[in-house]
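Only one structure is covered here, and it is reproduced in the block below.
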Amino acid sequence: MTISGILFDFDGTLANTTPLILHCFHQTFSHFYGKVPPDEKILTTFGLPMPQAMLQLSGGDEAHLDELLTFYRTYQLSVHDEMIRPFPSVLAGCQRLKEKGIHSIIVTSKTNETCERGLRCLGLSPYIEGVIGVRDTALHKPDPEPSLLALKKLGLSGEECLCVGDSPYDLVSGMRAGCRASVKVGWSSFDPIRFQQEIKPNYTIASLPELLPIIESLNQQR
């Protein structure tokens, strides 16, 4: 089977939202606790659903979870559009993938609405065929369920797709769903040692257009 689709993560993969996310966590924890977790600790939660990340960073403060989430999400919306940034070559890479007939879908641990807003901000909406968000599945990355739903929405098998992300949770989910190969983006903020402990990617790219020769090489092998 030839590679015909890509399962993309969004935050940290297509969109440079690391400064935005860190800033929102800082504001939230400063407001509720008067202190903030180290950025290194926050970065280890990237790719997890927000409730899980918030519990992990708050030391399991379930009593205030709803308040923490509401504050974070409300504040994030107030600064989202001015702080979200593109990564170099992402727009050009998405354009070239579409020109080559490669289907692209987002598998994210954020809400569909926020992800779609980000896609619009970055001009990526025309190149993405769907979003699988946190409310679409009962289980979340690194579980395969969201990636399996993405494959179903594309109408493709795992053997016909790559999974691409900045977090090991993205790649573990995709590979458990049967994706042909995993691709780590070279601009990942995730600790590289811990990343390798979770999964060893098949490929690492320095720019999104590098996906094209990978696809061509894999297609020549079949």
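The values are calculated or read from the model by the stated rules, or taken from the named source; none is laboratory data. Predicted, not measured: the structure shown is a model, and the values here were computed from it. When we count neighbours, we look across all protein chains shown, and the Cβ atoms used for this are built from the backbone with ideal geometry, even at glycine. Heads up: the accessible areas ignore ligands, DNA and RNA and are worked out on the full protein's heavy atoms, side chains in. Shrake-Rupley method; radii C 1.70, N 1.55, O 1.52, S 1.80 Å.
Here are some notes:
- Every condition in (1) assigned by the TED database to the domain that holds residue 195; (2) surrounded by fewer than 16 Cβ atoms within 10 Å (Cβ to Cβ); (3) more than 24 Å from residue 20 (Cα to Cα) is met by residue 135 except one, and the failing one is (3).
Residues checked against (1) β-branched (Val, Ile, Thr); (2) more than 15 Å from the chain's Cα centre (by Cα):
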residue	(1), (2)
5	no, yes
27	no, yes
48	no, no
54	no, yes
59	no, yes
80	no, yes
101	no, yes
106	yes, no
111	yes, no
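- Check on residue 45, assigned to a loop (DSSP other than H, G, I, E, B) and free of Cβ contacts under 8 Å to residues at least 24 places away in the same chain: yes
- Residue match in segment 169-182 (condition: in a helix (DSSP H, G or I) and surrounded by fewer than 17 Cβ atoms within 10 Å (Cβ to Cβ)): no
- Any chance residue 108 is touching a Ser or Thr at 6+ places or on another chain (Cβ under 9 Å) and among the polar types (S, T, N, Q): yes
- For first residues located in segment 146-162 and under 22 Å from residue 217 (Cβ atoms) and assigned by the TED database to the domain that holds residue 9, partners that are of a type outside the set (D, E, K, R) and open to solvent by 40 Å² or more (accessible area, probe 1.4 Å) and lie 6+ apart or on another chain with Cβ distances below 6 Å form the pairs 154/103; 159/1; 160/1.
- Against the criterion of being of a type in the set (Asp, Glu), open to solvent by 20 Å² or more (accessible area, probe 1.4 Å) and over 21 Å from residue 19 (Cα atoms), residue 160 qualifies.
- Some residue of segment 102-125 being within 24 Å of residue 192 (Cα to Cα), among the hydrophobic types (A, V, I, L, M, F, W, C) and surrounded by fewer than 19 Cβ atoms within 10 Å (Cβ to Cβ): no
- Where residue 81 falls short, out of the listed (1) surrounded by fewer than 16 Cβ atoms within 10 Å (Cβ to Cβ); (2) out of contact with any helix residue (DSSP H, G or I) (no Cβ under 7 Å at 6 or more places or on another chain); (3) modelled with pLDDT of 95 or more: (2)
- The single residue among 186, 155 that is open to solvent by 20 Å² or more (accessible area, probe 1.4 Å), at pLDDT 95 or above and at positive phi turns out to be 155.
- Any hit, segment 94-101, residues being in the same structural domain as residue 146 (by the TED database) and in a loop (DSSP other than H, G, I, E, B): yes
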